[in-house]
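Novice: Quick one: structure below, then a few questions.
The values are calculated or read from the model by the stated rules, or taken from the named source; none is laboratory data. This one's a predicted model, so the numbers in the text were calculated from it and none came from an experiment. A quick note on method: Cβ atoms are made from the backbone with ideal geometry, for glycine too, and the neighbour counts reach across all protein chains shown. These area figures cover heavy atoms from the full protein model, side chains too; ligands, DNA and RNA do not enter into them. Shrake-Rupley method; radii C 1.70, N 1.55, O 1.52, S 1.80 Å.
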Amino acid sequence: MKVLVVGSGGREHALAWALSKSRRLDELHAAPGNPGIARLASCHPVRGDDPSSLVPLAAELRVDLVVVGPESPLVAGLADELRRRGIAVFGPGAGAAQIEGSKAFAKDVMEAAGVPTARTLPVARPPCVVKADGLAAGKGVWICRSADELETGLHAAEALGQPFHVEELLEGEEVSIFALCDGRIALPLPPAQDYKRIGDGDEGANTGGMGSYSPVPRLSADEVDELVELACTPVLRELAQRKMPFAGALFAGLMLTPDGPRVLEFNCRFGDPETQSLLPRLDGDLLEALAASARGDLRGVSLPAVDAAAVTVVLAAGDYPERGDSGTPIEGIADAEATGALVFQAGTALHEGRLVTNGGRILNVTALGDTIEAARAAAYDAASRIDFAGVRFRRDIALV
C-alpha cells in the first residue's frame, strides 16, 4: 500500500514509525512531515491545513490511504474532499469531526446519546471550568477555583474571539481512552495518561501536553472496554443516526469521579503526546487496522497490547507555552537513541544540514520497560542526553 501521513508533529512521527513496520507498506509519504519523519518517508512541502494542495498531492501520488494526524484538517473537511476523489482516508468527515470542533455540538451529541458529562452552568461562579467552543490547540480550557482565576479565564476565553461556555468542575483522576472506529464499531486501544500543565505537580499554564504514559495501572482491560462502551459506542450510534458516520480515532478524555466516569471532551484524532506512548505498545499491524477503519469494516481486527509499559517525556522550548523557539541547534539525539529509546521529532527543522528547533514542543522521548518505573527511568536517562539552549521538561512524568 501507498500511504500519505498528514501532519508534522511528534504524533505524526510516531504514526509514520508504526506504519513503516507494516508488511503491507510499499511507499510512505508525509505532508509536510519533519526531519525525523523524512528518515522514514518521502516528505512533500504541502501544509497539513491546505486541502486544496493535499487532495491533488494524494491523487498525484496515487496513495491507497491518507492518515490525517491533526484535528484542524479534519474539522475543515479534508476527509470529505479526499473521499469525493475516491481516496480512502483514516479520519472523520467535517460533520463528525465537530465532536472536537465544537464543544456545543459535542454536548448536544452526548446528551442525545446518554453519555455522562459535566453540567453546563447558567451562571459563572467558582469553582467551575471555562471552555472555548472551537479548536484552541489544547489551550482552550481554564480551571477556575477562585474569583480571580475565573476573571482571568473569562478574559482569556473572550480574547480567542469564539463562543465559550462554563461548566461544573469535576474532581477525580483523568484518563485518555482511545478507540478505532469504522462508523459502527469502536475497537478499544490501551489507555494512556497525559500531563497538560507546563510545570511539575500540574502547576502553571495549560499546554498541548508535556508527557504521557501507558498503560494506566488503575484501569484493567475490562474497565477500558466498559469505558469505551459508556463513552464512545453511544456517540458513534448517535452520529450515525445524524448521517455523520465517524471513521477514525475517537479519543475521549474522562474524569473518574466519585460518582462515576464523566466525559470531559472528545477529540476526533489520536492524542499528542499519548500516541507516542500508545503505539510502541501495540502488537499488530497498525496499517491494516487503519485501512480497515477507512473501509468501514473493523470486524475481525485486533490490536493487542504488549505487557511492557511506555513513558514519553516532552522536551519543550524555554518560553513554551507563551512562545516557541526556532533556529537553536539540537544535540544528542543519536546518543539518546543509542540507549534504545525512541525520539519522535515535533518542532524541528534542518538549517544548513543541522537539526534545529522550530516550535514549542521540540522533541518527544519515549522508552519502554517491564514496568512504568523502568520505562520512566529509561525515558529520563535518554532525555538527559539531549540538549538545546533553553530546553525545559517536566520531571514528574509517570511518577505514579
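Novice: Give the residue, chosen from LEU19, LEU40, that is touching a helix residue (DSSP H, G or I) at 6+ places or on another chain (Cβ under 6 Å) and in contact (Cβ under 8 Å) with a residue 40 or more places away in the chain.
Specialist: Values: LEU40 fails: in contact (Cβ under 8 Å) with a residue 40 or more places away in the chain.
After applying the criteria, what remains is LEU19.
Novice: In the stretch 174-193, what count of residues is obtained for those that are of a type in the set (Asp, Glu) and either without any contact (Cβ under 8 Å) to a residue 12 or more places away in the chain or more than 19 Å from LYS131 (Cα to Cα) (or both)? So that I can check it myself, show each step before the final result.
Specialist: Filtering the stretch 174-193 for residues of a type in the set (Asp, Glu) gives 174, 182.
After this cut, where a residue has to be either without any contact (Cβ under 8 Å) to a residue 12 or more places away in the chain or more than 19 Å from LYS131 (Cα to Cα) (or both) as well, the list is 182.
Residues that pass the stated criteria total 1.
A quick yes/no check of all residues on (1) without any contact (Cβ under 8 Å) to a residue 60 or more places away in the chain; (2) open to solvent by 50 Å² or more (accessible area, probe 1.4 Å); (3) of a type in the set (Ser, Thr, Tyr):
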| site | (1), (2), (3) |
| --- | --- |
| MET110 | no, no, no |
| GLY114 | no, yes, no |
| ARG125 | yes, yes, no |
| ASP133 | yes, no, no |
| ASP148 | yes, yes, no |
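Novice: Can you work out which of the residues in the stretch 17-43 that are hydrophobic (A, V, I, L, M, F, W, C) and over 24 Å from ASN358 (Cα atoms) is surrounded by the most Cβ atoms within 10 Å (Cβ to Cβ)?
Specialist: Ranking the candidates gives LEU19 first.
Novice: So which pairs qualify, if the first residue must be in the stretch 71-85 and closer than 14 Å to ARG295 by Cα, the second must be basic (Lys, Arg), the Cβ gap must be under 6 Å, and the two must be at least 6 apart or on different chains?
Specialist: Final answer for the pair search is none.
Novice: In this structure, does LEU54 turn out to be at pLDDT 95 or above and over 23 Å from LEU160 (Cβ atoms)? So that I can check it myself, show each step before the final result.
Specialist: Values: at pLDDT 95 or above: yes; over 23 Å from LEU160 (Cβ atoms): yes.
Yes, satisfied.
Novice: What's the number of the only condition in (1) crowded, with 22+ Cβ neighbours inside 10 Å; (2) more than 16 Å from HIS165 (Cα to Cα) that ARG85 fails to meet?
Specialist: The one condition ARG85 does not meet is (1).
Novice: Name, by its number, the condition in (1) at negative phi; (2) surrounded by fewer than 24 Cβ atoms within 10 Å (Cβ to Cβ); (3) not β-branched (Val, Ile, Thr) that does not hold for CYS232.
Specialist: Among (1) at negative phi; (2) surrounded by fewer than 24 Cβ atoms within 10 Å (Cβ to Cβ); (3) not β-branched (Val, Ile, Thr), the lone unmet condition for CYS232 is (2).
Novice: For a quick check of your reading: which strands (runs of 3 or more DSSP E) sit entirely within the stretch 286-400 and have at least 2 residues that are in contact with a helix residue (DSSP H, G or I) (Cβ under 8 Å, 6 or more places away or on another chain) and surrounded by 15 or more Cβ atoms within 10 Å (Cβ to Cβ)?
Specialist: Details: elements: 309-316, 325-329, 342-345, 348-351, 354-359, 361-369.
Strands (runs of 3 or more DSSP E) meeting the threshold: 309-316, 342-345, 361-369.
Novice: Sticking with this structure for a sec: Go through (1) basic (Lys, Arg); (2) crowded, with 23+ Cβ neighbours inside 10 Å; (3) in a helix (DSSP H, G or I) and name the single condition ARG269 misses.
Specialist: (3)
Novice: Residues of the stretch 88-104 being out of contact with any helix residue (DSSP H, G or I) (no Cβ under 7 Å at 6 or more places or on another chain) and surrounded by 23 or more Cβ atoms within 10 Å (Cβ to Cβ), which ones?
Specialist: Passing the criteria: only LYS103.
Novice: Another question about this same structure. How many residues are in contact with an Asp or Glu (Cβ under 6 Å, 6 or more places away or on another chain), over 23 Å from THR312 (Cα atoms) and assigned to a strand (DSSP E or B) when one looks only at the stretch 1-43?
Specialist: Qualifying residue count for the region: 1.
Novice: Applying the selection to the stretch 304-342, what residues are within 29 Å of GLY369 (Cα to Cα), in contact with a strand residue (DSSP E or B) (Cβ under 7 Å, 6 or more places away or on another chain) and of a type in the set (S, T, N, Q)?
Specialist: The one that is within 29 Å of GLY369 (Cα to Cα), in contact with a strand residue (DSSP E or B) (Cβ under 7 Å, 6 or more places away or on another chain) and of a type in the set (S, T, N, Q): THR312.
Novice: Taking the condition of being open to solvent by 20 Å² or more (accessible area, probe 1.4 Å) and either assigned to a loop (DSSP other than H, G, I, E, B) or within 18 Å of LEU355 (Cα to Cα) (or both), how many residues in the stretch 44-55 meet it? If you could, list the steps in order and put the result at the bottom.
Specialist: Initially, the stretch 44-55 is screened for residues open to solvent by 20 Å² or more (accessible area, probe 1.4 Å), giving 44-47, 49-53.
Then keep just the ones that are either assigned to a loop (DSSP other than H, G, I, E, B) or within 18 Å of LEU355 (Cα to Cα) (or both); that gives 44-47, 49-50.
Of the residues in that region, 6 qualify.
Novice: Filter the stretch 240-252 down to the residues that are more than 20 Å from VAL68 (Cα to Cα) and either open to solvent by less than 20 Å² (accessible area, probe 1.4 Å) or β-branched (Val, Ile, Thr) (or both) and list them by number. Don't jump to the end; show me each part of the working.
Specialist: Just the residues of the stretch 240-252 that are more than 20 Å from VAL68 (Cα to Cα), to begin with: 240-243.
Of everything in the stretch 240-252, nothing turns out to be more than 20 Å from VAL68 (Cα to Cα) and either open to solvent by less than 20 Å² (accessible area, probe 1.4 Å) or β-branched (Val, Ile, Thr) (or both).
Novice: Across the stretch 194-229, what is the number of residues that are assigned to a strand (DSSP E or B) and open to solvent by 30 Å² or more (accessible area, probe 1.4 Å)? Lay out the reasoning, then the answer.
Specialist: Step one: list which residues in the stretch 194-229 are assigned to a strand (DSSP E or B), which gives 194, 197-199, 203-206, 211-214.
Right, trim to open to solvent by 30 Å² or more (accessible area, probe 1.4 Å) and you get 197, 203-206.
So the count comes out to 5.
Novice: Is one or more of the residues making up the stretch 132-151 touching a Cys at 6+ places or on another chain (Cβ under 7 Å), among the charged types (D, E, K, R) and within 22 Å of LYS196 (Cα to Cα)? Please lay out each step first, then the result.
Specialist: From the stretch 132-151, those touching a Cys at 6+ places or on another chain (Cβ under 7 Å) are 144, 150; that's our starting set.
Subsequent filtering for residues that are among the charged types (D, E, K, R) retains none.
Looking through the stretch 132-151, none of the residues is touching a Cys at 6+ places or on another chain (Cβ under 7 Å), among the charged types (D, E, K, R) and within 22 Å of LYS196 (Cα to Cα).
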